[in-house]
1. Can you give me the convex hull volume of the Cα atoms of the chain, divided per residue and expressed in Å³?
2. If you count only protein heavy atoms with a 1.4 Å probe, what accessible area per residue comes out for the stretch 116-285, rounded to a whole Å²?
3. At 1.4 Å probe size, with every protein chain present, just tell me what the per residue accessible area of the stretch 585-816 comes to in Å².
4. Using a Debye calculation, one point per C-alpha and no hydration shell, please list log10 I(q)/I(0) for the stretch 1-114 at q = 0.17 Å⁻¹ in order.
5. Given the peptides 243-251, 858-866, 58-66, arrange them by the average over their residues of other C-beta atoms within 10 Å, most packed first.
6. Pull out the extension gain between Leu917 and Val155, defined as 0.36 nm times the separation in residues minus the alpha carbon to alpha carbon distance; nm, one decimal.
7. Rounded, prolate or oblate: which one fits the stretch 706-850, using the alpha carbon gyration tensor with axes a ≥ b ≥ c (rounded when a/c is under 1.5, else prolate when a/b beats b/c, else oblate)?
8. Below 8 Å between Cα atoms, with a sequence gap of 6+, how large is the relative contact order for the chain in percent?
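The values are calculated or read from the model by the stated rules, or taken from the named source; none is laboratory data. Here the structure is a predicted model, which means the values were calculated and not measured. Ideal geometry is used to build each Cβ from the backbone, glycine not excepted, and the neighbour counts take in all protein chains shown. Side chains included, ligands, DNA and RNA excluded: accessible areas come from the protein's heavy atoms. Shrake-Rupley method; radii C 1.70, N 1.55, O 1.52, S 1.80 Å.
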Amino acid sequence: MFDSVQCPAPIRTQLQSLWNDWCEQAEVALVVEVESLLADSLLAHGVARSLIGSEFFYQQCCRRPELLRDLLHNQDLGLSLPDIKSNEDLDLQLRLLRNRVTAEVIFRDFAEQWDIPQVCLRLSELAELSIRTAMQWHHTKLVERYGEPRSREGVIQSMVVLGMGKLGARELNLSSDIDLIFAYPEPGYTDGEKCVENQQFFQKLGQRLIKSLDTINSDGFVFRVDMRLRPYGDSGPLVSHFAALEDYYQTQGREWERYAMVKARPVAGSKVFAEELMELLRPFTYRRYIDFSAIDALREMKVLIQRQVRARGLTDNIKLGRGGIRELEFIAQAFQLIRGGREPALRERSLLKLLPLLESDGHVEPGVATELTNSYLLLRRVEHALQAYRDQQTQALPAEEGEREKLAFALGRSNWMQLEGELTAVRSLVEREFDTVIAPPEEMAAPSVAEEWQGLWASCGDKTADEENLQTLESAGFLPPQQSLEHLKELGQSAMVAALPASSRARLDQFMPTLLAAAGLQEDPLLVLTRVLPLVRSILRRSAYLVLINENPPVLNQLVRLCSASPWIAEQLARHPILLDELLDSRRLLAPSNAADIANELRLELLRIDPEDLELQMEALRYFKQSQSLRIAAQEVSGALPLMKVSDSLTWLAEVILQQSLQLAWAQMVDKYGMPAGASMEDMRFAIIAYGKLGGLELAHGSDLDIVFVHDADGMQVTDGKTSIDNLSFFTRLAQRLIHILQTRTLSGPLYEVDTRLRPSGNSGLLVTSLAAFEKYQRESAWTWEHQALVRARPVAGSPRLCDSFQQLRTKLLCQSRKSDKLRDEVVEMRNKMRAHLDKSNDKKFDLKHGEGGIVDIEFMVQYAALAWAKTSPSIVWYTDNIRMLESLIDAGLMPAQQAGHLIDAYKAYRSEGHRLALQQLPGIVSDDHFTAERKTVQTNWQQLLG
C-alpha cells in the first residue's frame, strides 16, 4: 500500500504500521473499498500525510473506520446535528461532531483539497454552531424553570455571545480556545413563578454553555472556553448588561482591550440586540480621529510577548517569535486601530481581506500585501500541522529531527531543510515589515533633536535657567527671545499641562523639543511657535495627535512650513486637529485634484457611511470640505497651484458639496412626503443657481455661497407620499433642508454660509421660484444690477434638464436689446453707491476690491460690456468668469487684445494679492503705492468705456 508515495524509509515503516492498525479495526469489505479508492495517487498522498502528520486523525479513523471511506468518497461532509434529546445527548453529539470535523479539516488540509481560509472557516462554523446549539438548549431549559427574562419595560431579553480573536475573524485554529464575552441588553426579572434577576438567569446560562463546550469526558471536548477578555477578566462578572459594558470600556478600557475588540463579532443571540451592542462598542474600538497612540499600546504588548519568548526559550514559536503570526497580525491591526475610526472599510475582521485594502489605500507599499498574504498562509498552515499532530494547542517547531521530517512530509515538502528555508524567508519578511510599521522603541533610531532643546523645555519654568534659555533662543533666531520664553512658560506651567496624565505629559515632552528644533530652521521661528502653540493646546487632552506627529517626522516638517506660511492654515488645524492626518502624505497633500477627482473622492467617502445616518453624513461632508480646503491652501502656499487654479479648486469643491447635500436633502424629503408630481429620481425638477464668486468660478477661502433656487413643476400639484403636500411647499422645504445641512454648526462647524438674497424680490420673495416666474421677474421687474448679477449666474446642481433650460433662459435675458446710455448711467450710479459705502481706501491705503481702479471696476466693465453687446455677440455671455469673458470680447472683436490683456493682468494681480492676504488673515487692503500701474490702466479703461 502507498507505493506511489515518496517518503524517507523511517516514515514509510511507520506509515505501513499505522495502515495495518486501521485495517485491523475495519471490516474486510471496507478495507477493499478504501484500497480501491487509494489507487488515486492524490488521495493516497493525502491519507499518508494525514496518518503521519496527525495522531489525532489516526485515532479517529481507528475508532470509526468508516470515516476514512466517507472522507475519500465526499468532498465535504458538512455540518449538521441531530435533534437533541437531553443534556447528555447534547454533550455527546457536540463532541462527536467536533471530532469528525477536526479529522476532516486535517485530511482536507494535508491532502491540499482545502486551503487555509476554508479550513479556518469550517472550524469557525463548527464553533458557532456548537455555541448556538448549546445556548438555545440551555436557554429553553432555564425558561421552563424561571420564565422568560424581561426588561423593566417587559421586553424579552436574549444573551449575546461575542466571539473574540480568531473566532471573531472566522480564522479559528485547530485545537484552538474560543475567546468569548457574554452580554445581555437590560437588567430586569424573569416572568416565571420562580422569578430571578436577569443577571442570575444569564449567569446560569453562561455557566451551562461553558460546561457543555469545555468539559472533557471519554469523547473529548468541544472547545476550550476562555472568558478572560471580559471586563475585569477573571475577577469580573461572567455576564454583563450592555450599559455596564459600555461604561467599563469608555471609562476603564485599556489599549489591549481595543486591540481585542477589533475582531469582536456576535456569534449567537438576537441579531437586533447584537447590532445594538456592536454600535455601543464601536466608539471604544475605533476613534473618530487618526489614533497613533495605538502603536504605543501594540509596542508594549509586543515587548511583553518578546520577554516571554526570551524567558521561555520560544524563539522557534511561529506565533509569538520574531517574524511570526502575531507580528503579522499586529501590522494589520495597527492600521485598523489608527485609522479604523476614519476609514470604516478597515474594520474588516479577516486579515486576508484586510491586507489588500491596506495596499489599495496606500498604507503599505505596492506588493507588500501579496507578500504578507503568502507569508500568513504558510505560517498558518504550519501552525495547523503542529496542532493537528496531537490535537494540542502549540506553535513551537519540533526540536527532534524525526519529528521535523514528519512535519515536512505532512506539508508536502521533500525534507525539513526545504520547509525550514521557506519559514526563514517568510519570517524575515514579516519581521522587516513589522519593524517598518511598529518596531519597539529600542529598535528605532533615536530622533535627531539637540539636547539643548530638551533641556530648555524641561527647564523653561525654572527662573535660574532663564539666562541660559534666552541665549539659546536668541542664537536660534527666536526673536525677541523673552517673548518666546514667555510663550513656553505659559504652556509648560498651565493648569491644563499640570493635569495631564503621565502618558500624555511624556508625549508632550517628546514633541516640544522637536517643535522648537523644527521652528528654528524657519525664517521667523517665533512666528511659527506662536502659530503652532494654539494647536498644541487644542490637542493636549487628545494626545494621540501628539503621537501622530512624534511618530511621523514629515508631519512636523509640513506642519511647521504650512503654519509659517499661513495663519489661516494654523487656525484651521487648531480648530480641527483631525486634519493633521492630511499632512501624513505630502504627495497627496500637494497633488492638485480636478473636479472629477474631488467628486469621486467625496462619493467614495460617503459610500462608507450609513445613508440613514444624517448626522454622520453631515460630519463627513464637513471633514471632507475642511481637508480639501487645507490641501488647496497647502498647494497654494507651496506654489503647486497657481491663483486661477486655486479659485477653480475651491469652486469645484463647493459644487461637489452642494450636489451631495442636495441629494441628501432630496432623499429625506422624498422619504417623508413622497415624490413631487411630475418629478422622478432622474429629474427632480429643481436646480441650484450659483451667483457671485461661486457663479464666476472665483471662490476664495471662507467665501459665502450666493445661490438661488428654481423649479419648473406645477406648484399646485401634490406629492405621492402618505403625508402629501403641494409641490411648491415640497421644494421650499427642500431648499430649507439643504440650507440646514449647509449652515448647521455641528462639532465641526458649518459647511458654508449661504446667501439667498439675490433671488427675485430679495428677502421678501419666495425662497424657491418657478422658472417661469423667474423669467417674468427678470423681464419686467429686475433692476439693472440684478441683470449684472445674472451675468455671473450658472446652474451647479439639480435636474440636468432644468439646468439646461436655465442656461438658455439666461442667454435670452442677457441678449435683450438695451439702450446703451441708460445702461451706462445705471451701471455707473450703482458703482458710485457701492464705492461710497464699501471703499476703505484713503490717501495711504488702497482697497483691492472696492478702490478706484480695483477689482469691482473691472467686474462692472465686463458686466456692462456683456449687457450692452450680447444682443449682437451672444458668445460673450457663454462664460461667467471675468477672465474668459474678457477673452471672449477679444474673440468677438469688441475689445482690442492689448486692452483686454491689461485688464486680465490687473485682475489676476489683484486676485493673487487678495488670496495671499486672506491666507495671512489680513484685509484686502494694501499700501497706496502698490499696484499704481494696474490702477491707472483700469481707470483709463473705465473712462473709455463708462466715463
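1. 235 Å³
2. I get 40 Å² per residue for this part.
3. I get 42 Å² per residue for the stretch 585-816.
4. -0.82
5. Ranking the peptides 243-251, 858-866, 58-66 by packing returns 858-866, 58-66, 243-251.
6. 268.1 nm
7. Oblate, because a/c is 1.5 or more while a/b does not exceed b/c.
8. The value is 7 percent.
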